[in-house]
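Contents: one structure, followed by commentary.
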Amino acid sequence: MRNNDRSLSDLPGVRRFCAKVDRAVDDGRSVLIAVPDSSVESGLAEQLRHGLVASGCVHQSLDVETLRDHNDSIPDAVAVAADFLEPLQKGDRVNRWQAYLHHDDARGKSVLVAAWDVDLSDDVRYWLRLVHGSSMDPHDRPTFVFLVRESDVDIELLEKEHAPHLAVLWWWGVVGLLDSELCVDLELADQEVTPLRRAMLSETIGWEIDLVPDCARTWGSSDVPSILAKTISEQAEGRTFSLDDKELYALERAHPVDRPAHQLRKAWNEGKVNAWNGRIHVSTRYEKFDRVVDRRFWNAQARILMPQFELRRQILAKRFEKISTSHEVAKTTKFSDLLELGPMLNAHTWGRVDFGREDGALLRTLVAARNKIAHHTSLDDDVYAEIAKICK
């Protein structure tokens, strides 16, 4: 995001994600958040940690360094951070967990524990067993939000064992269309952004919102799609990847539910795939992205332009009725109840109706663009350039 003062939690999709965490915590359930391995190196995991704190769904946050300073002992680290170490010092590890569970200052509190290269499975399992054996009111029960890498913890086993007391959330499909479009608008806040330009950038970039600054600034309002494709290719240079047959099969057939399919788990961990706007999206670094980008261009163009084509058709149809005879209207609508773009262009071309040079050219451009999109093909550069002038 362009403004460094903004938090990841400002994005609508991330707000919804934090709201899920908040609801689970309010119900007295601890939360396990699975992030891909690549998120630690990219800084996303740390941004998410700050975003969870900024959203207010946790009262306190422990990072990796704080845990290591206390020999990876969560209760000791929490106690120091919360300034009530004394009651926990006296017992062994087991009694410290018990002491924390029943400590007055821990009542109803939620603590975020972010840890990588540390297997927290035993701690999570022991904590949830303590919670299960207690008779505390769920609203008084202290909870934890564990932010972990999927490769560090057996998440699905813990979920199976402790479902009543543990909510599991995956960093999968969190960033969506609204998030991508918001990032584009923020990046280009000093410019007028047309719906088509916003959609083209958002659909092409997908969940990789870190690409927005370079792409938005490089691809200008009058530029054609091939320039955007070239920009994406240049950014991926030297960092491309391939997918094996099993991953490609899953990519085509898997449904973007609440977590990555097992066949895509490795690719997700490496930052190669994620869900976006109800679809599974491969990263722009994919070595065969040139085969993918045309479909993304088409998605953007169909979503924005088809309603605008209909609006233009209605305007031209009213003019057609004014400048032609009722017989010609009936002839032109013989196969439809509407005055369609194609038949109106045909009547103009054969001289049965004279739209004039300007509207005649408009009709030809609209028909050419509409036919391309109707046949699931994105607009070539020349047609796109004309349409971008018309549909602003």
Problem set entry | Number of the condition not met by K322 [criteria: (1) more than 30 Å from A34 (Cβ to Cβ); (2) open to solvent by 50 Å² or more (accessible area, probe 1.4 Å); (3) not in a helix (DSSP H, G or I)] | (3)
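When you check A361 against the structure, is it surrounded by 12 or more Cβ atoms within 10 Å (Cβ to Cβ), touching a residue at least 24 places away in the same chain (Cβ under 8 Å) and assigned to a helix (DSSP H, G or I), yes or no?
Values: surrounded by 12 or more Cβ atoms within 10 Å (Cβ to Cβ): yes; touching a residue at least 24 places away in the same chain (Cβ under 8 Å): no; assigned to a helix (DSSP H, G or I): yes.
No: the conditions fail for A361.
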Exercise. Only one of (1) open to solvent by 30 Å² or more (accessible area, probe 1.4 Å); (2) assigned to a strand (DSSP E or B) fails for D258. Which number is that?
Worked result: (2)
Exercise. Mind checking whether some residue in region 274-291 is in a helix (DSSP H, G or I), touching a residue at least 24 places away in the same chain (Cβ under 8 Å) and either among the hydroxyl-bearing types (S, T, Y) or on the phi < 0 side of the Ramachandran plot (or both)?
Worked result: yes
Exercise. Of the residues that sit in region 216-229 and are open to solvent by 40 Å² or more (accessible area, probe 1.4 Å) and part of a helix (DSSP H, G or I), which one is modelled with the lowest pLDDT?
Worked result: R217
Exercise. In region 31-62, which residues are over 15 Å from V153 (Cα atoms), touching a helix residue (DSSP H, G or I) at 6+ places or on another chain (Cβ under 7 Å), small (G, A, S) and not in a helix (DSSP H, G or I)?
Worked result: S61
For this session: Identify, from the list V78, V25, the residue that is hydrophobic (A, V, I, L, M, F, W, C) and open to solvent by 10 Å² or more (accessible area, probe 1.4 Å).
Result: V25
Exercise. Which condition number in (1) in contact with an Asp or Glu (Cβ under 7 Å, 6 or more places away or on another chain); (2) of a type in the set (V, I, T); (3) surrounded by 19 or more Cβ atoms within 10 Å (Cβ to Cβ) is the one that I280 fails?
Worked result: (1)
Exercise. Would you say S7 is under 26 Å from E270 (Cα atoms), open to solvent by 20 Å² or more (accessible area, probe 1.4 Å) and either basic (K, R) or under 16 Å from the mean Cα position of the chain (by Cα) (or both)?
Worked result: yes
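May I ask you to list the residues in region 298-312 that are under 18 Å from the mean Cα position of the chain (by Cα) and surrounded by fewer than 21 Cβ atoms within 10 Å (Cβ to Cβ)?
If we filter region 298-312 for residues that are under 18 Å from the mean Cα position of the chain (by Cα), which is where we start, we get 299-300, 303.
Scanning region 298-312 gives N299, R303.
The values are calculated or read from the model by the stated rules, or taken from the named source; none is laboratory data. What you are looking at is a predicted structure, and each value in this text was computed from that prediction instead of being measured. So basically every Cβ, Gly included, is an ideal-geometry build from the backbone, and we count neighbours across all protein chains shown. These area figures cover heavy atoms from the full protein model, side chains too; ligands, DNA and RNA do not enter into them. Shrake-Rupley method; radii C 1.70, N 1.55, O 1.52, S 1.80 Å.
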